[in-house]
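Q: Pasting a structure below so you can have a look.
The values are calculated or read from the model by the stated rules, or taken from the named source; none is laboratory data. As the structure is a computational prediction, the values presented were derived from the model and not from experiment. Using ideal geometry, Cβ is built from the backbone for each residue, glycine included, and neighbour counts are taken over all protein chains shown.
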Amino acid sequence: MSFQRLRTFDYVAKPFVRIVEKCYPDAFIFVIILSVLTYVLAIWIAGASHTEAILAWGDGLPKLFNFTAQITLIMIGAHALAHTKPLESLLSRVGKLPRTSFQAYALVTFCSGCASLIAWSLGLIVGGILSKFVALGCLKRKIKIHYPLLVASAYSGYVIWHMGYSSSSALFVSTPGHMLESKIGVLPVTETIFSSFNIYLAFFTLFIITLVNPLMKPKDDESIQIKEKALKNNKISSKDNLNQSTNNFLNTIENKRYLSLFLGLIIFIYISISYYTNGFFLTLSHVSFTFLAVGLLLANSPMHYVKLVNNASKTVGPIILQYPFYAGIMGIMGNTELLGVVSDWITSISSKETLGFYSFLSAGIVNMFIPSGGGQWAVQGPVMIEAAQSLNVDPSIIVLGVSYGDQWTNMIQPFWTIPLLAIAGLHMRQIMGYTFVIFIVTGIIFGSSMLYLGHYS
């Protein structure tokens, strides 16, 4: 059966593409709408007064400042790392591999998914950069690709990030002293992200979306291709440093690798000593420091790394702007008992076998309002763990359910498209019609998997 005859998903995707292009608001408008909706629900469902809801919103605004700083450093560090010459050369070689459009979509999906399993931020950055290199390689080979679908394929790999190394929920409950330790103890990652169930499901999901994305390819006359000039913008030259005309001490320390190598090594020594002293554990700080250290080691000089960081900073501006408002939403949901009302209702209709499934569904809904794995677990985790104890459900099932729900609705939540689209040079409306299809496909996979886990665990 030919590739053209298998293009069923193209017809499935078209209605979603049209709807998104006409009706889906910009990411910042989206958070404003969600803020108003959360405010109304807090008054209508949770019985909060207008004053209580406003105070809950205002008190919540600064609550993610520390988290925002960590996320910002991770995003900038990952972006800078991906633009260092060794990694960019590697991505360029990978971008030349596809010989057909099917291979191009599949390659970008698979690579971004694997990168997301290593670190969610790396998946977004690598996906955005690789989509440009693959598009450039296809342009040179005269292979027609639909660039919005290629970028959507890159973002779709992000749908498995919470099943990997940087899983916020799993890392939270595996850290000694976490806020739920008195109820569930410390859950090792071998019971969550490194369990055989999670590993098999992650790679099965990646396999399925790697097949689905190429099948959404539109006809050649409907494809939107991008010009080579646009694909090569924002490149940082390794020779683009200050004071290169003068051969002095200042030029040496600014534009030679000695200081950047030294600083990168010192950071790695600190991380190694920390692991040796306290045992292996992973935090957002360790992830951000790792990206920073590797970037410094691979950069050509301290000033070269500064330029890489300056180039990366534009990807985090919209995130910094929106995070306080999502923190405000989190404040309303947590401080007005709105989340408790919703979770209590879910618990009331759940059984021991289905609580994991409803944890997944509820997490998908909550993620629309709090698109942060760590922030969402801090709000939703205690409620769902309480329900798990009342129904005698293994807490690892709840951790997995909340993790899967969080990553699932990222496919229709525009917040995390921002850094990837800043690199790819597209607008959110151009890709989210395709990610709606991934949302449906992975919803079936994750939902059925949680039902299976609840019945047979």
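Q: Quick test for you: out of Tyr270, Tyr326, pick the one residue that is buried (at least 22 other Cβ atoms within 10 Å of the Cβ), in a helix (DSSP H, G or I) and at pLDDT 85 or above. Give the steps one after another, and end with the answer.
A: Working: Tyr270 fails: buried (at least 22 other Cβ atoms within 10 Å of the Cβ).
Every option except Tyr326 fails the conditions.
Q: Can you tell me which residues in the range 329-365 are among the acidic types (Asp, Glu) and outside any helix (DSSP H, G or I)? Step through it out loud before you land on a result.
A: Within the range 329-365, the subset among the acidic types (Asp, Glu) is 337, 344, 353.
Listed by number, the residues that qualify are Glu337, Glu353.
Q: Take the range 52-86 and flag every residue that is surrounded by fewer than 18 Cβ atoms within 10 Å (Cβ to Cβ) and within 13 Å of Leu130 (Cα to Cα).
A: none
Q: Given the criteria touching a residue at least 24 places away in the same chain (Cβ under 8 Å) and closer than 21 Å to Gln430 by Cα, does Phe28 qualify? Steps first, please.
A: Numbers: touching a residue at least 24 places away in the same chain (Cβ under 8 Å): yes; closer than 21 Å to Gln430 by Cα: yes.
Considered against the rule, which asks whether it is touching a residue at least 24 places away in the same chain (Cβ under 8 Å) and closer than 21 Å to Gln430 by Cα, Phe28 comes out as yes.
Q: Can you name every residue in the range 390-429 that is surrounded by fewer than 24 Cβ atoms within 10 Å (Cβ to Cβ), β-branched (Val, Ile, Thr) and not in a helix (DSSP H, G or I)?
A: Within the range 390-429, just Ile412 meets the criteria.
Q: Being closer than 18 Å to Val341 by Cβ, buried (at least 21 other Cβ atoms within 10 Å of the Cβ) and within 23 Å of the chain's Cα centre (by Cα) is the requirement here; does Ser362 meet it?
A: Numbers: closer than 18 Å to Val341 by Cβ: yes; buried (at least 21 other Cβ atoms within 10 Å of the Cβ): yes; within 23 Å of the chain's Cα centre (by Cα): yes.
Taking the combined requirement at face value, the residue satisfies it.
Q: Can you name the residue in the range 7-22 that is surrounded by fewer than 19 Cβ atoms within 10 Å (Cβ to Cβ), farther than 9 Å from Val437 by Cβ and among the β-branched types (Val, Ile, Thr) and is also modelled with the highest pLDDT among such residues? Spell out how you get there, then give the answer.
A: Step one: of the range 7-22, the residues surrounded by fewer than 19 Cβ atoms within 10 Å (Cβ to Cβ) are 7-8, 11-12, 14-15, 18-19, 21-22.
Next cut, farther than 9 Å from Val437 by Cβ only: 7-8, 11, 14-15, 18-19, 21-22.
After this cut, where a residue has to be among the β-branched types (Val, Ile, Thr) as well, the list is 8, 19.
Details: Thr8: 63, Ile19: 83.
Once the filter is applied, the top-ranked residue is Ile19.
Q: Between residues in the range 349-367 that are farther than 28 Å from Tyr326 by Cα and among the aliphatic types (A, V, I, L, M) and residues that are at pLDDT 90 or above and surrounded by 22 or more Cβ atoms within 10 Å (Cβ to Cβ), which pairs lie under 8 Å by C-beta distance while being six or more apart or on different chains?
A: Qualifying pairs under 8 Å: Ile349/Tyr358.
Q: Also, I was wondering about something else. Just the residues that are in a helix (DSSP H, G or I), more than 16 Å from Gly334 (Cβ to Cβ) and among the small types (Gly, Ala, Ser), please, taken from the range 40-72.
A: Correct list: Ala69 only.
Q: Of these, Gly137, Gly128, Gly123, Gly113, which one is closer than 12 Å to Asn213 by Cβ and in contact with a Ser or Thr (Cβ under 9 Å, 6 or more places away or on another chain)?
A: On the way: Gly137 fails: closer than 12 Å to Asn213 by Cβ; Gly128 fails: closer than 12 Å to Asn213 by Cβ; Gly123 fails: closer than 12 Å to Asn213 by Cβ.
It is Gly113.
Q: Just checking, does the range 146-159 include any residue being in contact (Cβ under 8 Å) with a residue 40 or more places away in the chain and in contact with an Asp or Glu (Cβ under 6 Å, 6 or more places away or on another chain)? Break it down stepwise before answering.
A: Taking the range 146-159 as the starting set, the residues that turn out to be in contact (Cβ under 8 Å) with a residue 40 or more places away in the chain are 146-159.
Restricting the remaining residues to those that are in contact with an Asp or Glu (Cβ under 6 Å, 6 or more places away or on another chain) gives none.
There is no residue in the range 146-159 that is in contact (Cβ under 8 Å) with a residue 40 or more places away in the chain and in contact with an Asp or Glu (Cβ under 6 Å, 6 or more places away or on another chain).
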